[in-house]
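The values are calculated or read from the model by the stated rules, or taken from the named source; none is laboratory data. Keep in mind that what you see is a predicted model, and the values were worked out from it rather than measured. All Cβ positions, glycine included, derive from the backbone under ideal geometry; neighbour counts span all protein chains shown. For accessibility, only protein heavy atoms count, side chains too; no ligands or nucleic acids. Shrake-Rupley method; radii C 1.70, N 1.55, O 1.52, S 1.80 Å.
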Amino acid sequence: MADDRDDGTNEREILTWEGFGAATRELAQTIVDSGFEPEIVIAVARGGMVPGGALTYALDVKLTDAINVEFYTGIAQTLPDPVLLAPLLDTESIRGRRLLVVDDVVDSGRTMRLVIDLLRCYGADVRSAVLYSKPTTVIAPDYSWRDTDRWIAFPWSAQDPVTRRA
């Protein structure tokens, strides 16, 4: 269920937990059907953590990691540019490997572009997978479950946090 926050449109794409299960299985099948066999799944934290974990199981990939990027500060509110946050990824372990970068949505695409460019600097074969792709993106993901131009209410972020950190 979506929360009461409003991005000005009042139109939302609602993804339920049940829908999420079906979405990640379909996305995994699309990846398998393409012939790409990732050795490591890298989730873009925070939004990519849940779909990244689901895809590691669906694709039977044991190696997983995360890269921390801050860009969105609220609904339709961003920093001027995406920023990498510590701790950083173990870049030596990804050199020359097949990587699947996973996020919940590629909205502007600036975060995904930053991550892919960084990982390719280490000689990795990098592909990207998202649940949702928006028409505003500057980089098209290799794999996307659905396209939308609406704000998305994900089941893991549809409610306000139990507590707010300073």
Residues within segment 88-127 that are in a strand (DSSP E or B), of a type in the set (Asp, Glu) and open to solvent by 30 Å² or more (accessible area, probe 1.4 Å), tallied: 1
In segment 140-152, residues that are surrounded by fewer than 18 Cβ atoms within 10 Å (Cβ to Cβ) and aliphatic (A, V, I, L, M) total 1
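Table: residues versus (1) touching a Cys at 6+ places or on another chain (Cβ under 9 Å); (2) open to solvent by 20 Å² or more (accessible area, probe 1.4 Å); (3) at pLDDT below 95; (4) not in a helix (DSSP H, G or I).
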position	(1), (2), (3), (4)
Asp7	no, yes, yes, yes
Arg25	no, yes, no, no
Gln29	no, yes, no, no
Asp33	no, yes, no, no
Gly52	no, no, no, no
Tyr57	no, yes, no, no
Ile67	no, no, yes, yes
Glu70	no, yes, yes, yes
Within segment 128-139, can you find the residues that are over 15 Å from Gly52 (Cα atoms), surrounded by 13 or more Cβ atoms within 10 Å (Cβ to Cβ) and in contact with a Lys or Arg (Cβ under 8 Å, 6 or more places away or on another chain)? Ser133, Ile139
Keeping to segment 103-120, report how many residues are of a type in the set (Ser, Thr, Tyr) and within 10 Å of the chain's Cα centre (by Cα). 1
Output for segment 141-166, where each listed residue is of a type outside the set (Val, Ile, Thr) and touching a strand residue (DSSP E or B) at 6+ places or on another chain (Cβ under 7 Å): Pro141, Asp142, Tyr143, Ser144, Trp145, Arg146, Asp147, Arg150, Trp151, Ala153, Phe154
Filter segment 94-118 down to the residues that are over 25 Å from Glu26 (Cβ atoms) and in contact with a Leu (Cβ under 8 Å, 6 or more places away or on another chain) and list them by number. Ile94, Leu114, Leu118
Take segment 128-160 and flag every residue that is modelled with pLDDT of 95 or more, assigned to a strand (DSSP E or B) and more than 12 Å from the chain's Cα centre (by Cα). Arg146, Asp147
